[in-house]
1. Would you mind telling me which numbered condition in (1) over 20 Å from L134 (Cβ atoms); (2) under 60 Å from the mean Cα position of the chain (by Cα) K68 fails?
2. Counting only residues that are in contact (Cβ under 8 Å) with a residue 24 or more places away in the chain and surrounded by fewer than 16 Cβ atoms within 10 Å (Cβ to Cβ), which one in segment 61-79 is farthest from Y100 (Cα to Cα)?
3. Report the residue count in segment 342-362 for those that are over 29 Å from S263 (Cβ atoms) and in a strand (DSSP E or B).
4. Counting only residues that are polar (S, T, N, Q) and closer than 13 Å to I330 by Cα, which one in segment 260-282 is surrounded by the fewest Cβ atoms within 10 Å (Cβ to Cβ)?
5. Just give me the residues in segment 379-405 being within 18 Å of I256 (Cβ to Cβ) and not charged (D, E, K, R), in sequence order.
6. Within segment 298-314, which residues are crowded, with 19+ Cβ neighbours inside 10 Å and touching a strand residue (DSSP E or B) at 6+ places or on another chain (Cβ under 6 Å)?
7. Of all residues in segment 68-105, how many are among the small types (G, A, S) and either more than 22 Å from G46 (Cα to Cα) or touching a Gly at 6+ places or on another chain (Cβ under 7 Å) (or both)?
8. Can you name every residue in segment 326-340 that is in contact with an Asp or Glu (Cβ under 8 Å, 6 or more places away or on another chain) and either surrounded by 16 or more Cβ atoms within 10 Å (Cβ to Cβ) or assigned to a loop (DSSP other than H, G, I, E, B) (or both)?
Amino acid sequence: MRIRGERRAQFIINILLCAIVILFIDLIIYSIIVHESQDVYETSAGEIMNNMTGDKGKFSLSVEESVKLHSNNEFAFIIDKEGKTVWSENLPDDLKNRQYTLQDVAKFSRYYLEDYPVHTYVVDDGGLLIIGKLNSKIWKYTLEYDVNNLLLFVKITPLVLVVNIILLIFISLKLYKSKQRRREEERVEWIAGVSHDIRTPLAIILGNAQMILNESSDDRIKNKAEIIDKQGVRIRALVENLNLSSKLDFGTGRFIKKQVQMSVFIRKILTNIINTLDEDTVSKFEFDLNIEEGLQGKTFLINEELVERAIINLINNSMKYNEEGCTISINLNENNKNTVLEIKDNGQGVNRDFLQKINKKSYAFEKSMGNHGLGLKIVKKVAGYHRWKIEFLENDEGGFSCRMQW
């Protein structure tokens with residue numbers, strides 16, 4: 001519980017850090033916008049003075065610059081050291097023929113000139129150049145912003161919020177998936193470790209059981225040794241299936257495909273299975289291998305470990321649920337340019353409800369319940385890994401059949 005709490009706290013801290021980073025990026029974006037739009041006056045003092053001719057109170061502004069002032073809805077004028085207006089352009093009527101005191105200059109330099117926002121500049125002869133806006137779309141306090149820029153902020157803020165939410169969701173999902181991935185890897189490592197730890201004592205148990213079967217003359221002891229041997233083999237198969245299933249589920253295994261002669265491959269698997277069976281089991285089951293002539297020696301791109309496990313699971317399934325014996329058939333043939341591998345038996349079969357259940361696409365990832373659990377799920381996962389079409393059905397003889405097609 002403590003480790004889980006620490007992980008949850010670390011996850012929350014990561015989300016908060018990401019939120020802080022996104023907020024910092026937002027501030028940078030806003031700062032860039034402010035920097036780009038901080039000059040609310042479109043006509044600069046340098047432009048006016050460079051396009052102005054004359055001196056000693058007789059100034060003349062170029063036509064081009066005058067047109068620009070008018071088009072920008074701005075005005076400009078120059079006052080001398082005594083506060084008299086010595087030149088003006090596009091000046092409002094309520095500002096004409098005025099003389100300004102030092103107090104007036106101090107006020108409009110910081111605030112407004114009769115509700116007109118203005119900027120003040122010192123010119124070479126000691127006078128002042130004042131540039132103002134004719135409209136009232138500028139708020140002039142410590143900072144100055146054009147109303148249009150403020151409207152831009154209002155417009156982009158919802159977009160920024162949406163982008164932030166999307167980024168937070170995306171980052172949260174990435175962090176969650178990363179966390180899940182670590183948990184899955186830890187689970188796979190744990191299963192692999194347990195599987196490895198079980199193999200050694202299990203091998204000793206199976207070895208001693210076989211030794212007792214071969215050397216003991218007491219039938220009662222031999223029967224118990226046979227039970228131990230069968231259950232040990234079953235545990236070994238379960239461990240192998242569990243280890244393989246976790247690798248397939250979480251994608252941590254490296255299952256490399258290569259070209260394999262299926263006819264030789266299947267014969268080898270079947271031979272190994274028969275060689276591991278005792279005489280009593282061999283006498284109960286009959287194995288029938290049928291490979292179409294055209295597929296003899298033909299190669300297919302498969303992963304040997306996975307396909308071998310699928311075939312073994314299907315054969316073991318037929319043997320496990322038909323204890324009285326049956327015929328197990330392995331058929332490899334072509335059907336409408338497709339290759340079909342079918343493993344079936346003529347045993348007691350399964351009910352229709354179970355057939356419907358295992359033929360669902362989601363069955364491989366559902367919780368195992370009752371008989372036919374992990375083994376058939378691995379068969380479906382192996383088929384899915386190879387992109388084969390798989391179907392479980394009741395064959396003509398009433399037994400259980402698995403058909404894989406590619």
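The values are calculated or read from the model by the stated rules, or taken from the named source; none is laboratory data. It should be emphasised that the depicted structure is a prediction, and the values quoted were computed from it without experimental measurement. Cβ placement follows ideal geometry from the backbone for every residue including glycine, while neighbour counts extend to all protein chains displayed.
1. Among (1) over 20 Å from L134 (Cβ atoms); (2) under 60 Å from the mean Cα position of the chain (by Cα), the lone unmet condition for K68 is (1).
2. Looking at the filtered set, the residue picked out is N72.
3. Selection size over segment 342-362: 0.
4. Keep residues of segment 260-282 that are polar (S, T, N, Q), which gives 261, 263, 271-272, 275-276, 281.
From the residues that got through so far, the ones that are closer than 13 Å to I330 by Cα too are 263, 271.
Numbers: S263: 18, T271: 12.
It comes out as T271.
5. Here is the first cut: in segment 379-405, the residues within 18 Å of I256 (Cβ to Cβ) are 381-388.
Across segment 379-405, the qualifying residues are V382, A383, G384, Y385, H386, W388.
6. Residues satisfying the conditions are I302, L314.
7. Of the residues in segment 68-105, the ones among the small types (G, A, S) are 71, 76, 83, 88.
Subset that is either more than 22 Å from G46 (Cα to Cα) or touching a Gly at 6+ places or on another chain (Cβ under 7 Å) (or both): none.
Of the residues in that region, 0 qualify.
8. If the condition is that a residue be in contact with an Asp or Glu (Cβ under 8 Å, 6 or more places away or on another chain) and either surrounded by 16 or more Cβ atoms within 10 Å (Cβ to Cβ) or assigned to a loop (DSSP other than H, G, I, E, B) (or both), then C326, T327, I328, S329, I330, N331, L332, V340 are the ones that fit.
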